[in-house]
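Trainee: Got a structure for you, written out below as structure tokens; questions coming shortly.
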Amino acid sequence: MDIDHIDHEVIVVGGGAAGLSAGIALARSRRSVLVIDAGEPRNAPAAGVHNFLSRDGIGPHDLVASGRTELAHYGGGLRLGRVDTAERLDHGFAVRLEDGERLVARRLVVTAGVVDALPDIDSLREHWGTGVLHCPYCHGWEVRDQAIGVVATGATSVHQALLFSQLSDEVTLVTHSFEPDAESLSLLAGAGVTVLESTVRSVEAAGGVVSGLRLEDGSLLAVGAVVVSPYSSARSSLLESLGIEAVAHPSGMGESVEVDLMGQTSVPGVYAAGNVTDISAQVMGAAAAGTKAGAAVNADLVMSDAREKVVA
Ligand SMILES: Cc1cc2nc3c(=O)[nH]c(=O)nc-3n(C[C@H](O)[C@H](O)[C@H](O)COP(=O)(O)OP(=O)(O)OC[C@H]3O[C@@H](n4cnc5c(N)ncnc54)[C@H](O)[C@@H]3O)c2cc1C
């Protein structure tokens, strides 16, 4: 039996759309909740959030700021910082922050998001989220009718080229490190996508705006936007320290942590939501999952307390 006191009923690790939504659901249920956030939402490089009902185009950091205000309004706590490790206790969980502080809670919600690994191409990362994109639903409209270059690194790239062909008649898939099979080639042809067999050396820009892809033979493919397929890995080291492993996402686009419909992981008392459990979730989906997980944690605590009282 450990003798740690409880600092908060619930600690939420990660304060993006999922974590803040979980925190707000818990604070509105009069739970003592602390959201700990390192302040790096996945979409930070982008100018605005799209496909988010009633908040179309809001800046990623403005959305977070607005969520923090709502959290505070209901009495939820926010701590800026990074959680390094987590451990199970008899009566809950302890997390240790990078500055050494140790905090104990009855339940844990992990909403730490993902890390996007990008193709290793010169100057690509500096345009990530502006001229270098991955999601047609997030920023496809903004580059509609422009020449778009898809850098193929896997089967997902074919899927992306097909989706972007809905937004522009000038989509070129550069084979780079992936050879589409015959079926893919016929689908690409059917969708009007040009296939160019070459390797991309660098992303070129003029005045800070993407202007083309420099190819292996030195030629320039003029494009206004570049599409890549990142490999998105759940920031799951905390969960791993609790015995919860990330598994390959069926799409092959990355790794995520499995949860049930309410966000409960395989370890009772540990919940997860947002991109860490679903690498393809957009902001609205991540927020919805966070709200659901927050509600599930509250219900879990209500039941647990009621049972204890019955026993007493
Ligand atoms: C370039 C780009 C553009 C996008 N544009 C859109 C768009 O227009 N519309 C849309 O709907 N979706 C968009 N998305 C997807 C969107 O980013 C995700 O849906 C959303 O960020 C998921 O929210 P989340 O809360 O799960 O994770 P995140 O928003 O990534 O939040 C996770 C938070 O946890 C923090 N954190 C991580 N580890 C720790 C730790 N150990 N301790 C404490 N804090 C930690 C991080 O710093 C971060 O603040 C885009 C994605 C990218 C990459």
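The values are calculated or read from the model by the stated rules, or taken from the named source; none is laboratory data. Quick caveat, the model's predicted, so the values are computed rather than measured. Please note: Cβ atoms are built from the backbone with ideal geometry, for glycine as well, and neighbour counts cover all protein chains shown. SASA here: full protein model, heavy atoms, side chains in, ligands and nucleic acids out. Shrake-Rupley method; radii C 1.70, N 1.55, O 1.52, S 1.80 Å.
Here's the yes/no breakdown for (1) more than 12 Å from the ligand (Cβ to nearest atom); (2) aliphatic (A, V, I, L, M); (3) assigned to a strand (DSSP E or B):
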residue: Phe93; (1), (2), (3): yes, no, yes
residue: Arg96; (1), (2), (3): no, no, yes
residue: Asp99; (1), (2), (3): no, no, no
residue: Val104; (1), (2), (3): yes, yes, yes
residue: Arg107; (1), (2), (3): yes, no, yes
residue: Ala112; (1), (2), (3): no, yes, no
residue: Asp116; (1), (2), (3): no, no, yes
residue: Asp120; (1), (2), (3): yes, no, no
residue: Thr130; (1), (2), (3): no, no, no
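Trainee: Mind checking which residues of the range 210-242 are open to solvent by 30 Å² or more (accessible area, probe 1.4 Å), farther than 18 Å from Ala289 by Cα and at pLDDT below 95?
Mentor: Ser237, Glu240, Ser241, listed by residue number.
Trainee: Of everything in the range 59-83, what is over 18 Å from the mean Cα position of the chain (by Cα), open to solvent by less than 80 Å² (accessible area, probe 1.4 Å) and without any contact (Cβ under 8 Å) to a residue 24 or more places away in the chain? Give them in sequence order.
Mentor: Ser66, Ala72
Trainee: Right, here's the next one. Is the range 274-285 home to any residue that is under 21 Å from the mean Cα position of the chain (by Cα), open to solvent by 10 Å² or more (accessible area, probe 1.4 Å) and among the acidic types (Asp, Glu)?
Mentor: yes
Trainee: Residues Val114, Val193: which one is under 22 Å from the mean Cα position of the chain (by Cα) and crowded, with 20+ Cβ neighbours inside 10 Å?
Mentor: Among Val114, Val193, only Val114 is under 22 Å from the mean Cα position of the chain (by Cα) and crowded, with 20+ Cβ neighbours inside 10 Å.
Trainee: Also: Test of understanding: among Ser186, Ser177, Ser123, Ser157, which residue is open to solvent by 60 Å² or more (accessible area, probe 1.4 Å) and under 18 Å from Leu215 (Cα atoms)? Spell out how you get there, then give the answer.
Mentor: Details: Ser186 fails: under 18 Å from Leu215 (Cα atoms); Ser123 fails: open to solvent by 60 Å² or more (accessible area, probe 1.4 Å); Ser157 fails: open to solvent by 60 Å² or more (accessible area, probe 1.4 Å).
After ruling out the rest, the residue left standing is Ser177.
Trainee: Test Ala86 against the criterion of being of a type in the set (A, V, I, L, M) and surrounded by fewer than 15 Cβ atoms within 10 Å (Cβ to Cβ), and give yes or no. Walk me through it before giving the result.
Mentor: Values: of a type in the set (A, V, I, L, M): yes; surrounded by fewer than 15 Cβ atoms within 10 Å (Cβ to Cβ): no.
No.
Trainee: Any chance you could count how many residues in the range 1-58 are of a type in the set (S, T, N, Q) and open to solvent by less than 40 Å² (accessible area, probe 1.4 Å)?
Mentor: 1
Trainee: I've got another one for you. What number of residues within the range 246-273 satisfy the criterion of being crowded, with 17+ Cβ neighbours inside 10 Å and more than 16 Å from the ligand (Cβ to nearest atom)? Before the answer, list the steps.
Mentor: Of the residues in the range 246-273, the ones crowded, with 17+ Cβ neighbours inside 10 Å are 246, 249, 253-257, 259, 263-265, 269-273.
Within this subset, residues satisfying the condition of being more than 16 Å from the ligand (Cβ to nearest atom) are 264, 269.
Number of matching residues: 2.
Trainee: Scan the range 227-239 for residues that are in a strand (DSSP E or B) and touching a His at 6+ places or on another chain (Cβ under 7 Å) and report the count.
Mentor: Counting residues in the range 227-239 that are in a strand (DSSP E or B) and touching a His at 6+ places or on another chain (Cβ under 7 Å) gives 1.
Trainee: Quick one: count up the residues across the range 15-34 that are within 14 Å of the ligand (Cβ to nearest atom) and not in a strand (DSSP E or B).
Mentor: So the count comes out to 11.
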